[in-house]
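The values are calculated or read from the model by the stated rules, or taken from the named source; none is laboratory data. Just so it is clear, the model here is predicted, and its values are computed rather than measured. Positions of Cβ are generated from backbone atoms using ideal geometry, with glycine treated the same way; all protein chains shown enter the neighbour counts. The area values use the complete protein model at the heavy-atom level, side chains included, leaving out ligands, DNA and RNA. Shrake-Rupley method; radii C 1.70, N 1.55, O 1.52, S 1.80 Å.
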Amino acid sequence: MLRWCAVEIEVRAEVRDTEDLRKVERAILNLFSPDSVKVEDLGDRRLIVARGRGPSSLRKLYNALRSQRILDAARSYLKMGCTGNTVVFHLHKQAAYVGVASFCSLPERESPLGPITFIVTTSDPKRFIDWLAPRTVRGRPVGEARPPDP
């Protein structure tokens, strides 16, 4: 059995002046279960940075992709954001606040308050994508990989 090294996830979202910090944090927590969350004060703006390890951190997103039946679209976005051992993708902040995973290809245009950015580092990005958003046939997942090691 092929084993993976641990998957590390960093999630970032800017908190604009017009936004409530708790609501932006709630948007993140609706789709991600971090091990730690901190707020960075960058002078003119604030940034929420959440970090997690392993598949349990992404279980909410994993379930949302299946319940919303958007695995093919998610797979496409994940593959577009894959460079080396890193997979980067953006979710619409307002949609995430209501528990919906909505991907952004042009984050600043499609998410007017800024996106939620996921940065996933893993030794096997292809297998990670096959786990989170497997190919589908007639709407059903096929070739779903086992979850990454915790």
### Task
Would you calculate, for the chain, the mean residue ellipticity at 222 nm contributed by helices, counting each DSSP H stretch of 4 or more residues as -39,500 (n - 2.57) and dividing by all residues, to the nearest 500?
-8500 deg cm²/dmol
### On Cα atoms only, tilt of 21-31 relative to the major axis of the chain in degrees
10 degrees
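Any idea what the relative contact order of the chain is, in percent, if you count C-alpha pairs under 8 Å spaced at least 6 apart? Display every interim value, and only then the final one.
Values: 304 pairs, mean separation 45.8, N = 150.
Result for the chain is 31 percent.
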### Task
Could you pull out every residue, at least 5 positions away or on a different chain, whose amide H is within less than 5 Å of the one on Val15? Hs are placed 1.01 Å off N in the peptide plane, and Pro or chain starts have none.
Arg46, Leu47, Ile48
### Query
In whole Hz, what ³J(HN,Hα) sequence does region 126-137 give by Karplus (6.51, -1.76, 1.60; θ = phi - 60°), x for Gly and Pro?
4, 5, 4, 5, 5, 7, 6, 9, x, 4, 10, 10
### Query
Can you work out the base-10 log of I(q)/I(0) for the chain at q = 0.14, 0.18 1/Å, using the Debye formula on its C-alpha atoms alone?
-0.64, -1.04
### Query
For the Cα atoms of the chain, what angle does the longest principal axis make with the long axis of helix 71-80, in degrees from 0 to 90, nearest 10?
70 degrees
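Can you work out the accessible area per residue across region 53-94, with the rest of the protein chains kept in place, probe 1.4 Å, in square angstrom?
50 Å²
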### Query
Taking the Cβ of Gly139 as the center, what net charge do the other residues with Cβ under 12 Å away carry, scoring Lys and Arg +1 and Asp and Glu -1?
+4
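Can you give the relative contact order of region 17-92 as a percent, counting alpha carbon pairs under 8 Å and 6+ residues apart?
Values: 59 pairs, mean separation 16.6, N = 76.
Relative CO of region 17-92 lands at 22 percent.
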### Message
Need one value: the accessible area of Val100 in square angstrom, 1.4 angstrom probe, rounded to the nearest 10.
### Response
60 Å²
